[in-house]
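FYI, it's all coordinate maths here, none of it is from the lab. What you are looking at is a predicted structure, and each value in this text was computed from that prediction instead of being measured. Heads up, the Cβs are rebuilt from the backbone with ideal geometry, glycines too, and the neighbour counts pull from every protein chain shown.
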Amino acid sequence: QVQLQESGPGLVKTSETLSLTCTVSGGSISRSYWSWIRQSPGKGLEWIGYIYYSGAADYNPSLKSRVSMSVDTSRNQFSLSLTSVTASDTAVYYCARLTRESRGWYWIGADYWGQGILVSVSS
Amino acid sequence: DIQLTQSPSFLSASVGDTVTITCRASQRISSYLAWYQLKPGKAPKLLIYAASTLQSGVPSTFSGSGSGAEFTFRISSLQPEDFATYYCQQLHTYPYTFGQGTKLEIK
């Protein structure tokens with residue numbers, strides 16, 4: 001059973017960089033796509049982006065100028081970096097595996113998720 | 001971005017009831033829609049993908065239908081563990097947006 005666990009600081013100062021890591025256990029990070037999704041307090045889910053194990057990534061255009069993702073296959077981890085944060089970046093951040101249908105024709109969705117980590121941004 | 005509008009935003013029901021949630025897309029998205037269950041402090045769960053395909057391990061009391069721009073999610077014979085917040089997500093056009101959620105509460 002694949003399990004994901006987010007880790008990182010729960011408090012980040014305004015204008016600084018938010019950095020989170022997702023550790024994958026119970027399976028290899030290779031040959032899969034990995035995503036980050038967030039939920040601001042009292043709001044819905046927001047797609048941040050995804051990264052392939054090879055390092056190829058695609059980000060939400062609304063965040064693209066501030067987001068980067070990376071993969072460390074040796075540690076079975078992938079990471080999120082969000083620069084110049086403001087209070088509006090306060091959210092629960094989830095990591096998840098993004099899966100394609102078996103023939104690769106379309107996306108199934110995020111089939112394994114972490115429990116989420118609350119990151120607050122404050123001055 | 002494609003906008004997904006879920007209705008209702010809040011739903012009150014009793015154990016044993018059947019409930020239905022609608023998700024409308026601002027553009028046609030074929031059948032590239034997933035449904036998730038979120039509970040506080042727990043890992044979200046994928047329930048339905050490709051609009052109507054039940055994810056492995058998900059009870060058959062959950063079902064989905066629709067294509068194009070209008071989709072329906074149904075839970076029959078509600079169980080206590082089904083009270084949660086449900087989201088739809090389109091996987092047709094990047095970025096893969098979500099609906100605003102439907103909170104299902106016990107009446």
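Could you check how many percent of all C-alpha pairs in the protein assembly as shown are farther apart than 24 Å? Walk me through the numbers on the way to the answer.
On the way: 11344 of 26335 pairs.
Across the protein assembly as shown, Cα pairs with separations above 24 Å total 43 percent.
With θ taken as phi - 60° and the coefficients 6.51, -1.76 and 1.60, list the Karplus ³J(HN,Hα) couplings across the range B:62-69 in order, rounded to whole Hz; mark glycine and proline as x.
For the range B:62-69, the Karplus-derived couplings read 9, 8, x, 8, x, 6, x, 10 Hz, x marking Gly and Pro.
Could you compute the FRET efficiency for A:SER102 and A:SER30, with r as their C-beta to C-beta distance and R0 at 25 Å, rounded to 0.05?
0.90
Using only alpha carbon positions, build the gyration tensor of the range B:20-107, then give the equivalent ellipsoid semi-axes as the square roots of 5 times its eigenvalues, largest first, whole angstrom.
Values: eigenvalues 88, 36, 29 Å².
Over the Cα atoms of the range B:20-107, the ellipsoid semi-axes are 21, 13, 12 Å.
Cα centroid distance between the range B:56-72 and the range A:1-42, in Å?
Distance between centres, Cα-based: 28 Å.
Using a Gaussian network model of chain B with C-alpha springs under 10 Å, which one of B:SER77, B:SER12, B:SER65 is most mobile by mean-square fluctuation?
B:SER12
How would you classify the range A:17-123 from its alpha-carbon gyration tensor, with a ≥ b ≥ c the square roots of the eigenvalues: rounded for a/c under 1.5, else prolate if a/b is greater than b/c, otherwise oblate?
Prolate, because a/c is 1.5 or more and a/b exceeds b/c.
Using alpha-carbon pairs under 8 Å, 6+ residues apart, how would you state the relative contact order of chain B in percent? Intermediate results must be reported in sequence, preceding the final value.
On the way: 274 pairs, mean separation 41.3, N = 107.
RCO, chain B: 39 percent.
Which residue fluctuates most in the GNM of chain B (Cα springs below 10 Å): B:ILE21, B:ILE48, B:ILE29?
B:ILE29
Please give every one of the aspartates and glutamates within straight-line cross-link reach of A:LYS64, meaning a C-alpha to C-alpha distance under 15 Å, and leave out same-chain neighbours fewer than 8 residues apart.
A:GLU46, A:ASP89, B:ASP1
Please give the length that would be gained between B:LYS103 and B:PHE10 if that part of the chain were fully extended, namely 0.36 nm times their separation in residues minus their C-alpha to C-alpha distance (nm, one decimal).
Answer, rounded to one decimal: 33.0 nm.
If I take every Cα pair under 8 Å that is 6 or more residues apart in the range B:26-83, average their sequence separation and divide by the length, what percent do I get for the relative contact order?
Taking the mean separation of contacting Cα pairs over the length of the range B:26-83, I get 29 percent.
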